[in-house]
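The values are calculated or read from the model by the stated rules, or taken from the named source; none is laboratory data. Please read these numbers as outputs of a predicted model, since none were measured by experiment. With ideal geometry, Cβ positions are generated from the backbone for all residues, glycine too; neighbour counts draw on all protein chains shown.
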Amino acid sequence: MLRPYLKLGERFGYMNYGYLWYKPFDDREVYAAIGDSGNIIYVNKDLNVSVGMTGTFKPRIFDRVDFIEQKVLSVIDG
């Protein structure tokens, strides 16, 4: 399990952060490497799923995790 280095504030969705990975939820094994422009590597260990996405330039996008969980996982799960 990733041990968070610090707890981020409202601007960053209160996610935990450590070793270049974000942990959006305290109670689930979900991790994300999030970069500028909406680039993301999303890993959900509970579902054994990973998703990679790229995006156009938009600094500090942090809603990609919500997008993946609401839109992408529903297609993958069938």
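I need every pair where a residue in the stretch 16-36 that is closer than 14 Å to E69 by Cα has its Cβ under 6 Å from the Cβ of a residue that is β-branched (V, I, T) and at pLDDT 85 or above, sequence separation at least 6 or different chains.
Here the result reads P24/V30; P24/V65; Y31/V43; A32/I40; A32/V65, each pair linking the stretch 16-36 to a residue that is β-branched (V, I, T) and at pLDDT 85 or above.
Where residues in the stretch 6-28 are of a type in the set (A, V, I, L, M) and at pLDDT below 70, which of them is surrounded by the most Cβ atoms within 10 Å (Cβ to Cβ)?
We begin by selecting, within the stretch 6-28, every residue of a type in the set (A, V, I, L, M); these are 6, 8, 15, 20.
From what is left, the residues that are at pLDDT below 70 are 6, 8.
Values: L6: 9, L8: 14.
Here the answer is L8.
Check off (1) surrounded by 11 or more Cβ atoms within 10 Å (Cβ to Cβ); (2) hydrophobic (A, V, I, L, M, F, W, C); (3) at pLDDT below 90 for V49 and give me the number that stays unchecked.
(3)
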